[in-house]
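The next block holds one structure in the form of C-alpha cells; read it before the comments.
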Amino acid sequence: MINELVTEREWHHLYPEVDQEYVWEYPLFRGESEPGKNLFESQDTPLSNDLGLYIHVPFCLYRCPMCGFYMEIVKDRSFSKRYTDALIKEFMTYKAHFDFSTKKLKSVYFGGGTASLLEAEDVGRIVTLIKDTITNNETVEITVENHPNIATKKYLEDLKKIGVNRVSFGIQSFDDADLRLLKLKQREEQNVKILQTALEVGFDTVAADLIYSIPNQTIDVFLSNVNKLISMGVSTISLYSMGLSERQEDLYDLMPSQEVEHQMFSESMQLLLENGYVQVAQPDFCLPNHINHDTEITWKAPQGEQISLGAGAWSYYNNFLYCNTHNSKKYMEDVFNNGYSIQYIQKATLDDQMSRYMVLGARCFDIPDEPFKNYFGASIFDIYGQEIRLLESQGLIERTKTGISVTMNGRYYVDNISKTFYSPANRCRLQPYCYGVGDEWR
C-alpha cells in the first residue's frame, strides 16, 4: 500500500482557505516493504517512555454512510471470543520481543468500528493481560467506544467492573433531522438515555462526539447540541467537522459555507471555554482532570509510542510505522500461525521523525523546543525556521518561552498548520482512509 499521491492543489488548501483533510497519522507510506522486517530486531531510543495500547474492533452491525474507514459487517457478537484470542496472541508476540520494563502505560483504548460489540468479558481478558505485563500502569486510562444503539446499562456496568474508567459515545447530534439526513439509526431519545446511563454508572470520564457543518444544519442547532452535553455534565466533548464520503454525493450542495462552519467552530469553542472546558487538542475539549490520554500519546509533543492490535490497526513503535492486515479472517489466520499480521511497514527516516514531532504536535497546540533539541540535537527554530515564520505571519502560531503555540484563530486551521511541516517525501500524499473495506463476517 502506498498513500495516494495527488497534486499540490488537491493535497493542501492554503490559508485562509481551511484544509479539509483530517491529519491523524504521520509519516505516510511511500512504498511497500517486507512485513515484519526489522521491527523486532532493534530497539531505538524513544522520544518518550509513555506507551499506549490501541485495540481495533473493526466490526459494525451496519455501515454509516459518512464512514470512510475500514470496517466489516457482522450480525451479532459471535465473533468476539475468537477475535479476542487472536488479539491476545498478537500481544504475546510483542511481549516476547519488546522490553516493556521502562514503559509507562498511559492508555488502553478499544476503538472501532464498534468496540462495544466486543463482549465485556473479552475486554476484561485483554485489559488483565496488558496490565499484568506492563506493570507501571497506576494512572492508566482504559477507554471503550460505544454506540448509542448497542450499549446497555448492564454492558456498561460490566465494563466498569473490569476496570474500564472511560467510555465514549458517537452521539453526532441530538437533532433528529440531522440524524435522519445522515442515515444514522439512533435518535435524540437514545442519545440522551445512554449518556444519562453512563453518568449514573459512574465512570471517571464520559465522552461524546458531535459533528458540525452537517448539511442544512444551522448554527443554533449545533450550539444547542453542545449546550445539551454541557448541561448533562459530559466531561469530554469532541467536535468534528462534517466530511462527506463518496456515498453522500447528493448532499454536497447542502453543505454550509466555510464562513458558517468557521462560525460554528468559533462559537462552540467559546461556549465550551466559558463553561470550564479546556481545548487540549483539535478536536477535544475536556473538563480539568479528564484529559484524553490516548490523544496525548498519539499527538502531544513529545509523542509516546503506540502498539495497536487487531485487523486494520495502525502502530508507531521503535520508529516504525506499520499497519495490520485489513481483513479480519486473514488477520486471525496470520496471528494464529505466525503471531502477527503486519501488512505494510516502513522505518521512519530522520526527516520523518523530526517532521512527525511538528505535524502531530500541532494538533495539541503547544510544541516545546527542549525535547526536540535533546533528541535530535537541533532546535525546531533551526530546522523549521522558514515554516514557523510563514505561520507566524499568517497569525496561526506564536512563539512562547518554551517553543511555539497555535493561536486561538489557528485552532480552526490545525490541518493547514500540520501540512506546513510535512517533509518533502510526505507532501502530496493523502491520509489513509477506506483501505481494504471488508465484506460480511465469515
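At a glance:
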| quantity | calculated |
| --- | --- |
| Among A362, A425, A120: highest mean-square fluctuation, GNM of the chain, C-alpha pairs under 10 Å | A425 |
| 5 angstrom amide H check on G112, placed H, neighbours 5+ away | V57 |
| Computed E for R247/K193 - FRET, C-beta separation, R0 41 angstrom, nearest 0.05 | 0.90 |
| Over 27 Å between alpha carbons, listed pairs K75/K160; K106/K185; K75/K228; K154/K330 | K106/K185; K75/K228; K154/K330 |
| Qualifying aspartates and glutamates (Cα of each under 20 Å from Cα of K103; at least 8 residues distant if same chain) | E41, D44, D50, E90, D132, E138, E141, D294, E296, E305 |
| Whole-number D in µm² s⁻¹ for the range 50-298, Kirkwood Cα-pair radius fed into Stokes-Einstein, 4 °C, 1.567 mPa s | 68 µm²/s |
| Length-normalised contact order of the range 50-298 in % [C-alpha pairs under 8 Å, at least 6 apart] | 18 percent |
| Within-11-Å neighbourhood charge of I388 [Cβ basis; K, R +1; D, E -1] | -3 |
| The range 309-361: mean projected area of Cα convex hull, nm² | 3.9 nm² |
| Axial C-alpha extent at least 18 Å, average Kyte-Doolittle at least -0.5 - helices from the chain (DSSP) | 120-133, 188-201, 219-232, 258-274 |
| Relative packing of 141-147, 279-285, which averages over residues the other C-beta atoms within 10 Å, highest first | 141-147, 279-285 |
| Relative contact order (percent, whole number), the chain, Cα cutoff 8 Å, 6+ residue spacing | 24 percent |
| Mean ellipticity per residue at 222 nm, deg cm²/dmol - from DSSP H runs of n ≥ 4 across the chain, formula -39500 (n - 2.57) | -10000 deg cm²/dmol |
| Label zone at Q258 (point 7 Å along Cα-to-Cβ), backbone N below 15 Å, the range 1-21 | 9-21 |
| Equivalent ellipsoid semi-axes, the range 209-305, via Cα gyration tensor eigenvalues times 5, rooted, Å | 25, 18, 11 |
| Aspartates and glutamates with Cα under 14 Å of K89, excluding same-chain neighbours fewer than 8 positions away | D122, E333, D334 |
| Cβ-based charge dipole, the chain, positive-most Cα from Y15, I211, Y375 | Y375 |
| Separation of alpha-carbon centers, the range 101-147 and the range 356-407, rounded to whole Å | 32 Å |
| Structure-derived Cα extents along the principal axes in Å - corresponding label in [x] 128, 61, 52; [y] 54, 52, 41; [z] 93, 61, 39 | [y] |
| Length gained when the stretch A177-E121 is fully extended (0.36 nm per residue, less Cα-Cα span) | 16.5 nm |
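Coordinate-derived values only; no laboratory data. Values in this document were obtained by computation on a predicted structure and should not be read as measured data. A quick note on method: Cβ atoms are made from the backbone with ideal geometry, for glycine too, and the neighbour counts reach across all protein chains shown.
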